[in-house]
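Just so it is clear, none of the values below were taken in a lab; they were calculated from the coordinates. If you're wondering where the values come from, they're calculated on a predicted model, not measured in any experiment. Don't worry about glycine lacking a Cβ; one is built from the backbone with ideal geometry, like all the others, and counts go over all protein chains shown.
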Amino acid sequence: MRKKLAAGNWKMNGTAAQLAEVKTLVDGLATTADVLLCPPATLLDRMSTVADGKIATGAQDCHVAASGAHTGDISCGMIKDAGGTYVILGHSERREDCGEHSDVVRAKTRTAHGAGLVAVVCIGETLAEREAGQTLDILAGQLAGSLPDTTTAGNTVVAYEPVWAIGTGKVPTLDQIQEVHDSLRAELTNRFGAEIADGIRLLYGGSVKPSNASEIFAVSNVDGALVGGASLKAADFGAIIKALG
Ligand code: PGA
């Protein structure tokens, strides 16, 4: 059985004052699911302390190298030093803002695996790609390109995040989510075999809220969510975690 995962991505939001939300979340936590928060790098160390081992923490990106002359970047070793155990890779905002293509994401994912971090690898189609009927092909290409051969059930989570659903309030239909998640499971099985593929958690992300979480979590092959905006408030993220069980 795959353990459910509620993952929060704070993106470029949050200063020390917002750690009170994490304290509230931790104090009220009653779930069998794994819970993860990925704050900006500036907060990772302090958030890990507040999380107190009850929720996992992680970063929103890493560099492929262990150290060196890479101004502004952080390494997997630094993430671990700050208490992080996960790293989000290939988020569509990084693919767009920083020109990160799947080959870069694959190299970073391999680095994360080597460092002992769990990689949350994000893929997603644009609205134009969906309207052109290319969704499954685009996602299969991103999945194949972004995952290295070091992928296992324990070191990798895949997040399906339609670009057009992120931060927009728009959500695919439940049938659309199911079609994608079933197809991703099949792609993973083809490449890695059933044992690894059956253990890899598939998250849905894009405008997940307390009001739609339960119905999304009831879709087969949805093992949790990657949540942006609604992960910033303990009340909202707590409700989403509750919907997960
Ligand atoms: P959102 O973001 O929940 O604010 O739509 C999701 C994400 O980008 O991970």
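Quick notes on this one:
- Peptides ranked, highest mean first, by Cβ atoms within 10 Å: ranges 197-208, 65-76: 197-208, 65-76
- Column: log10 I(q)/I(0), Debye, Cα scatterers of the chain, q = 0.07, 0.16 Å⁻¹: -0.20, -1.16
- Distance from the alpha carbon centroid of the stretch 7-26 to that of the stretch 176-245 works out to 21 angstrom.
- Put simply, the Cα atoms of the stretch 1-139 extend 46, 38, 32 Å along their principal axes, the longest span coming first.
- Magnitude of the charge dipole, the stretch 83-210, Cβ model with Lys/Arg +1 and Asp/Glu -1, debye to 20: 400 debye
- The stretch 64-185 pair-distance distribution - Cα-Cα, 5 Å bins, rounded %: 2, 11, 20, 22, 19, 13, 8, 4, 1, 0
- Around the amide H of L37, modelled in the peptide plane, lie the amide H atoms of G8, A56, T57, G58, all under 5 Å away and 5 or more residues distant in sequence or on another chain.
- In the stretch 111-173, the ratio of gyration radius to Kirkwood radius, Rg to Rh, stands at 1.05 when only Cα atoms are counted.
- Sequence of H101, H91, H63, H181 once ranked by neighbouring C-beta atoms within 10 Å, starting from the fewest: H101, H63, H181, H91
- Counting other Cβ atoms within 10 Å as a rough exposure proxy, the listed residues T152, T15 run T15, T152 from fewest neighbours to most.
- Taking amide H as placed 1.01 Å from N in the peptide plane, the amide H of L89 sits under 5 Å from that of V120, V121, C122, each at least 5 places away or on another chain.
- Coupling constants for the stretch 155-160 follow from the phi torsions by the Karplus curve (6.51 cos²θ - 1.76 cosθ + 1.60, θ = phi - 60°), and in residue order they are 9, 9, 10, 10, 10, 8 Hz; glycine and proline get x.
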